[in-house]
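As structure tokens, the structure follows; a few thoughts come after it.
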Amino acid sequence: MQLLSVLKYRIFWVIICVLVTVNVQAQSEIAKELKADINRSAGMFYARPVGKMPKDTPAPKGKKPFYINHYGCPGSYYLDKKEYYTDTYATFAKADSLGKLTDFGKDVFRRIGLLYQDANGRFGELTAKGARQSRALMKQMVERFPDMFTPKGYYSVRSVVENRCILTMMESLLQLSSMQQPLVARSKASHQEKSFMDPEDKLLTSQRTDSLTMALYTRFSALNSNDGRLMGSLFNDQNYVITNIDAATLSKQLYILAGDVQHTDLAGQVTLYDIFTPEEVHRHWRKQNAWHYINYGGCTLNGGYQAYLQRAVLRNMIHMGDSMMSRYNPLMHLRFTHANVVMSLACLMELDDYGLHTANLDSLEAYGWANYRIAPLGGSIEMIHYRSERGDPDVLVKVLLNGHEARLPIETDCAPYYHWNDVKRYYLRKLYRYENRRFNFNVKRR
Amino acid sequence: MKTKIQYLIVILFTFILSLFTSLSLVAQPKVMQIIKETPSYASCNYHIYPDSITTPLTPSPEGKKPFYVSHYGRHGSRYISSRSGYDIPYMMMLHADSLDELTPAGRKVLHEMNLIMHDTEDRWGELTGYGKAQLQSIGRRMAENFPEVFRPGTKVTARSTIVSRCIESMGAATLEMLQVCPQLEISMQASQRNQWYMNHQDRKLRRGYMTPEAQKAYDSYIAHRMGNIRLMEMIFKNPDIVKEVVDEEQFSYYLMKMSLFQLNTNFNQNTHLMGLFHTDDLYLMWQIDNALWYIQHGACKLNGGRQPYSQRYLLRQMIADADSCIQLDQPTAQLRFGHETVLLPLVCLIGVNGYDLETDNLDELEERGWLCSSVFPMGCNLQFIFYRSNPKDQDVLFKVLLNEVEATLPLQPVSGPYYRWADFRQYCLDKLSNYK
């Protein structure tokens with residue numbers, strides 16, 4: 001009996017140890033990535049680097065791409081909430097006028113002034129870097145799939161009605177136009193297509209941040225906040241900080257601004273990351289990541305259905321895949337929409353296990369659910385359809401998430417290629433289950 | 001004696017009659033004729049940009065080459081900017097229908113209106129396929145007409161207002177330029193930051209355009225031009241009874257607009273309503289609108305003639321941009337994409353083709369050639385083309401193209417359509433500095 005209890009005790013400890021090491025290893029994975037490029041901590045505001053062209057697994061014999069369905073986020077842009085610039089600037093200006101800034105604080109004030117000046121009047125707009133990034137990404141795509149980009153190819157290009165998305169679309173088109181003459185492209189930015197480009201669902205959005213979720217998030221936030229050191233380095237009078245400064249807000253504003261620098265041409269000359277310790281940046285990122293998980297991912301705190309907001313997008317994607325089967329010539333659907341659409345779509349499609357469902361916000365890192373991996377600025381989901389010839393019953397697809405071959409939650413004998421029929425069946429069933437549940441729920445409520 | 005007098009009277013009468021007819025022949029045909037051939041001309045700012053421009057351009061002045069293009073253009077064909085314009089006749093129609101006051105013809109009209117409303121839903125103010133095609137052709141022709149400017153490596157700066165149809169227009173034009181010359185270095189921007197000159201709406205000026213004198217002149221001008229009793233009798237069973245819910249003047253005016261605006265779309269274009277109207281109806285509507293546009297944006301004496309100055313910032317900016325681009329050794333192009341409510345006053349301010357016309361008589365507009373539809377159809381544009389022999393050449397000449405046709409300025413030309421930039425610059429700066 002005693003032996004058993006000792007054994008139990010040991011097993012318990014072994015499990016704990018295993019868990020801890022897994023946790024530590026996984027955490028260090030994220031920490032490593034953040035260390036390698038601190039800009040990643042900007043999360044969904046990370047500017048996706050164009051980088052080297054990823055290697056493609058060769059398609060099964062005889063199969064060639066014939067249709068690309070692309071969903072892209074806007075490229076690098078200035079923060080659209082101008083308060084991040086103006087409020088932060090005002091806080092520092094006031095403290096400066098009262099002589100409450102340390103020398104370091106004064107220098108930070110100067111840098112915020114530069115950022116504000118650079119962004120003033122351009123809030124929410126695509127930056128020059130964003131324009132270059134959009135073109136470079138399109139160039140890479142063309143070079144990667146030469147079969148698709150022939151004079152016979154047809155481009156159907158769509159954007160949601162939002163300045164930066166339309167410009168991202170246009171920059172991509174200009175890149176295409178400079179690479180290919182003649183070009184057959186039809187572009188459109190219309191409210192008419194909102195229903196499958198950026199759908200709305202009032203019921204789901206109303207459930208997003210219910211009081212229980214908020215309570216848990218606030219607690220998670222509090223546990224990951226420690227702004228004393230930062231305030232101490234910026235202000236010379238702690239009494240002033242206590243009475244006049246909302247440390248948590250200011251600290252967040254500075255973190256957001258720090259992540260914004262990479263989108264501007266000030267990058268390389270100015271940084272705000274140096275005011276934080278790596279651990280502080282990591283914490284800020286952790287809070288932001290959890291927030292995005294709650295809002296766009298499969299977080300079970302609020303029911304775990306938020307990603308289903310994009311079900312019309314997924315349904316349209318499947319519908320289009322079927323419609324294109326009988327085409328003779330290659331076709332590209334290039335769509336540009338908001339980053340949160342791409343984020344939720346990736347979660348809904350369970351790409352690379354980002355469909356994760358958990359209520360434990362602390363576990364996100366261990367599971368590798370990191371916003372900058374899923375939907376950074378310039379990020380994209382591309383579904384590429386392959387066939388041997390027109391009428392081929394076994395169409396294959398592969399999905400690229402930010403250019404890398406993604407894993408789908410579906411069995412296959414030729415990963416990363418999946419059989420279209422399996423993919424279609426899996427996703428349609430998934431959507432059907434959700435809609436069925438929601439319909440029944442509505443009936444019961446009545 | 002009596003017969004002689006009778007004879008004289010007859011002669012006099014025929015003379016007067018012939019005088020009248022000849023007068024009316026002189027006054028009417030031009031615009032009336034245009035509208036007969038191109039009904040869209042009657043819709044003023046919804047007029048469609050000509051498909052192809054065939055007017056030849058004068059060769060470059062001797063020894064000089066184009067080196068800089070400065071452009072302000074309007075977006076291409078769009079859907080009506082808000083649903084309120086369509087709602088006016090639509091709601092009246094629905095109301096009359098609910099009272100069972102529609103004739104069979106009226107019911108057909110309502111059916112077409114339903115289709116139009118359905119097709120336009122969620123597309124208010126958006127660029128149409130036609131609009132894109134217009135801008136593509138304009139961009140292509142610009143690049144083809146001035147290969148000395150649009151050559152590999154040339155920096156093309158494109159700016160647009162923050163309205164999505166303008167951004168798309170900018171994209172359409174520049175995309176086509178790349179088809180002509182793939183090595184152009186094009187940068188695009190659609191920024192709030194440039195709105196102060198790209199789309200300046202002067203509230204103070206705007207508030208004061210309808211002075212009491214202007215209102216009086218306008219009211220008396222439109223008095224006998226509004227309404228269409230023929231239309232009312234065709235659509236409604238009892239025009240007198242529906243008067244309570246249908247305002248004849250508003251109804252016929254906005255229904256005409258609804259049918260004409262359809263010409264700006266290519267998919268789902270519905271021109272069935274066009275058959276309801278005679279050329280005279282369209283012509284009268286055009287007259288009303290032309291007069292209003294003149295009061296709003298022309299140098300109309302009835303309100304002091306200051307309205308064109310709403311574009312003083314844009315003109316200054318264009319001059320400043322030219323000043324700096326002339327300093328460059330390499331050719332450049334600056335394209336700006338905006339709105340007709342900017343381009344019309346700009347044209348009036350500069351005095352292109354005599355559009356700086358100052359008058360207080362609205363009846364004079366037509367005869368003196370102040371025709372708004374010729375200035376600002378969808379896709380309308382103003383291009384300044386600059387010429388010099390080499391970067392050191394101080395004697396910079398330029399010409400103005402209004403909708404891609406060479407235009408005149410209120411100055412002495414050097415030769416043909418070419419004017420001295422320095423003269424024009426001084427003329428504009430003097431004019432602007434006199435504005436208080």
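Here the Karplus curve 6.51 cos²θ - 1.76 cosθ + 1.60, taken at θ = phi - 60°, turns the phi angles of segment A:241-254 into couplings of 4, 5, 8, 10, 10, 8, 4, 4, 5, 4, 4, 5, 4, 5 Hz, with x standing for Gly and Pro. Among beta bridges from DSSP that stay inside segment A:38-445, the antiparallel ones total about 50%. Does the protein assembly as shown classify as rounded, prolate or oblate by the C-alpha gyration tensor (a ≥ b ≥ c root eigenvalues; a/c under 1.5 gives rounded; else a/b over b/c gives prolate, otherwise oblate)? Since a/c reaches 1.5 and a/b is larger than b/c, the shape of the protein assembly as shown is classed as prolate. Among A:LEU257, A:LEU272, A:LEU377, the residue with the largest mean-square fluctuation in a Gaussian network model of chain A, with springs joining Cα atoms closer than 10 Å, is A:LEU272. Under 5 Å between amide hydrogens, built in the peptide plane, is the criterion, and for A:PHE336 it picks out A:GLY72, A:ARG158, A:SER159, A:VAL160 among residues at least 5 positions away or on other chains. Electrostatic bookkeeping for A:ALA136 treats Lys and Arg as +1 and Asp and Glu as -1; over the other residues with beta carbon under 11 Å from its beta carbon, the sum is +3. If you take all other residues with their beta carbon under 13 Å from the beta carbon of A:ASP56, and give Lys and Arg +1 and Asp and Glu -1, the sum is +2.
Neighbours of B:ILE53 by Cβ distance under 9 Å: Lys/Arg scored +1, Asp/Glu scored -1, total -1. Pairwise Cα distances in segment A:137-226 exceed 21 Å for 55 percent of all pairs. From least to most packed, judged by other beta carbons within 10 angstrom and beginning with the fewest, A:MET343, B:MET188 follow the order B:MET188, A:MET343.
Please build a GNM for chain A, connecting alpha carbons under 10 Å apart, and tell me which residue among A:CYS414, A:CYS347, A:CYS73 fluctuates the most. Taking springs between Cα atoms under 10 Å, the residue moving most is A:CYS414. Straight-line cross-link partners of B:LYS204 among the lysines, defined as a Cα under 24 Å from its Cα and at least 8 positions apart when in the same chain: B:LYS216, B:LYS301, B:LYS431, B:LYS436. Phi-derived couplings, Karplus 6.51 cos²θ - 1.76 cosθ + 1.60 at θ = phi - 60°, listed residue by residue for segment A:58-73: x, 6, x, 3, x, 8, 10, x, 9, 8, 10, 10, 10, 10, x, 7 Hz, with x used for Gly and Pro. Think of the protein assembly as shown as a dipole: +1 on every Lys or Arg Cβ, -1 on every Asp or Glu Cβ, centred on the Cα centre; then among A:TYR308, B:PHE150, B:LEU315, A:TYR308 lies furthest on the positive end. Of A:LYS64/A:LYS152; A:LYS63/A:LYS398; A:LYS129/A:LYS194; B:LYS64/B:LYS155; A:LYS52/A:LYS139, which sit over 19 Å apart, Cα to Cα? Table pairs above 19 Å Cα-Cα are A:LYS129/A:LYS194; B:LYS64/B:LYS155. Using only Cα atoms, find the angle between the long axis of helix B:421-433 and the longest principal axis of chain B, and express it within 0 to 90 degrees, rounded to the nearest 10. The two axes meet at around 60 degrees. Counting only alpha carbon atoms, the long axis of helix A:103-119 and the longest principal axis of chain A meet at about 30°. Candidates B:PHE424, B:THR211, A:GLN262 compared by Cα position along the dipole of the protein assembly as shown: farthest toward the positive end lies A:GLN262, with charges placed on Cβ. The residues A:GLU200, B:GLU406, B:GLU233, when put in order of fewest to most other Cβ atoms within 10 Å, stand as A:GLU200, B:GLU233, B:GLU406. Summarising the amide proton neighbourhood of B:LYS65: residues at separation of 5 or more, or on other chains, whose placed amide H is nearer than 5 Å comprise B:ARG388, B:SER389. For the options B:PRO182, B:PRO56, B:PRO39, a Gaussian network treatment of chain B with springs between C-alpha atoms closer than 10 Å singles out B:PRO56 as fluctuating the most. Computed from backbone phi, the HN-Hα couplings of segment B:296-308 come to 6, 10, x, 7, 6, 5, 5, 10, x, x, 9, 4, x Hz, rounded to whole numbers (Karplus: 6.51 cos²θ - 1.76 cosθ + 1.60, θ = phi - 60°; Gly and Pro given as x). For segment A:38-445, the Kirkwood estimate of hydrodynamic radius, built from reciprocal distances between every pair of different alpha carbons, is 22.7 Å. Is the C-alpha gyration tensor of segment A:67-143 telling us rounded, prolate or oblate? Criteria: a/c under 1.5 is rounded; beyond that, a/b larger than b/c is prolate, otherwise oblate. Since a/c reaches 1.5 and a/b is larger than b/c, the shape of segment A:67-143 is classed as prolate.
On C-alpha positions alone, give me the angle between the axis of helix A:420-445 and the longest principal axis of chain A, in degrees, nearest 10. Helix A:420-445 sits at roughly 60 degrees to that axis. Can you return the aspartates and glutamates within cross-link range of A:LYS81? Criterion is Cα-Cα under 17 Å, with same-chain partners fewer than 8 residues away left out. Once the sequence-local aspartates and glutamates are set aside, what remains near A:LYS81 is A:ASP118, A:GLU125, A:GLU162, A:ASP260.
Throughout, read-outs are computed from the coordinates displayed, never taken from laboratory work. The structure displayed is predicted, hence computed values, not measured ones. Please note: Cβ atoms are built from the backbone with ideal geometry, for glycine as well, and neighbour counts cover all protein chains shown.
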